[in-house]
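First the structure, in the form of structure tokens, and then the observations on it.
Computed from the coordinates by the stated procedures, all read-outs in this text should not be read as laboratory data. Not measured: the values here are computed from a predicted model. Reconstructed Cβ throughout: ideal geometry from the backbone, glycine too, with neighbour counts over all protein chains shown.
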Amino acid sequence: MAIEKTFLMVKPDGVERQLVGDIVDRFERKGFTLCEAKLMTITEDLAKQHYAEHSERPFFGELVDFITSGPVFAMVWEGENVISVGRLMMGATNPLESAPGTIRGDYSTTVSHNVIHGSDSFASAQREITLFFGEEAL
Ligand code: RTP
Ligand code: MG
């Protein structure tokens, strides 16, 4: 049994559309445990660090502008295989592949405004939890 932690974040479009409660509810009903949460506005510097792996991609500027455009709801969740199961619950990045029943599949039609972020690996989870909540949240 792999009990692990992941970093999840409702993006500015999801906060604006008042989807925070629904998203928290989905993860609680699944059986995961909320460990940390805060409503915050991401600085340009934090956005660039968070999405550093995409810094050479053509959409990087738009991505940083979007994620800093309004408050996000940052969270740490714990549970069995929560990193990969959380990604399944989010749905695919490509809106043509995000299935109904997933968060993106239910609430988003575009790749840019896609409601939620989730760590994509153990290493990403460790890095992102530390970046947003400090090492003590690991
Ligand atoms: P995220 O990091 O936000 O959880 O999303 P993800 O893992 O599903 O996707 P990733 O490949 O990490 O991309 C990060 C975010 O960049 C935007 N994106 N735009 N225009 C494009 O082709 C494109 N590709 C990716 C998306 O908003 C994606 O969530
Ligand atoms: Mg990603």
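Assorted remarks:
- When the criteria are applied in full, GLU44 meets the requirement of being under 21 Å from ASP13 (Cβ atoms), charged (D, E, K, R) and surrounded by fewer than 17 Cβ atoms within 10 Å (Cβ to Cβ).
Yes/no per residue for (1) farther than 22 Å from PHE59 by Cα; (2) within 12 Å of ligand 1 (Cβ to nearest atom); (3) exposed (fewer than 14 other Cβ atoms within 10 Å of the Cβ):
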position: ASN94; (1), (2), (3): no, yes, yes
position: THR102; (1), (2), (3): yes, yes, no
position: HIS113; (1), (2), (3): no, yes, no
position: GLY118; (1), (2), (3): no, yes, no
position: ALA123; (1), (2), (3): yes, no, yes
position: ALA137; (1), (2), (3): yes, no, yes
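- The residue that is nearest to ligand 2 (Cβ to nearest atom), counting only those in region 49-77 that are among the hydrophobic types (A, V, I, L, M, F, W, C) and under 26 Å from THR33 (Cβ atoms), is ILE67.
- GLU78 being surrounded by fewer than 21 Cβ atoms within 10 Å (Cβ to Cβ) and farther than 23 Å from LYS5 by Cα: no
- The residue of region 94-118 that is nearest to ligand 2 (Cβ to nearest atom), among those that are among the hydroxyl-bearing types (Ser, Thr, Tyr) and touching a Lys or Arg at 6+ places or on another chain (Cβ under 8 Å), is SER98.
- Top-ranked residue in region 54-74 [being free of Cβ contacts under 8 Å to residues at least 40 places away in the same chain, near ligand 1 (Cβ under 8 Å from one of its atoms) and surrounded by 11 or more Cβ atoms within 10 Å (Cβ to Cβ); ranked as farthest from GLN126 (Cα to Cα)]: ARG57
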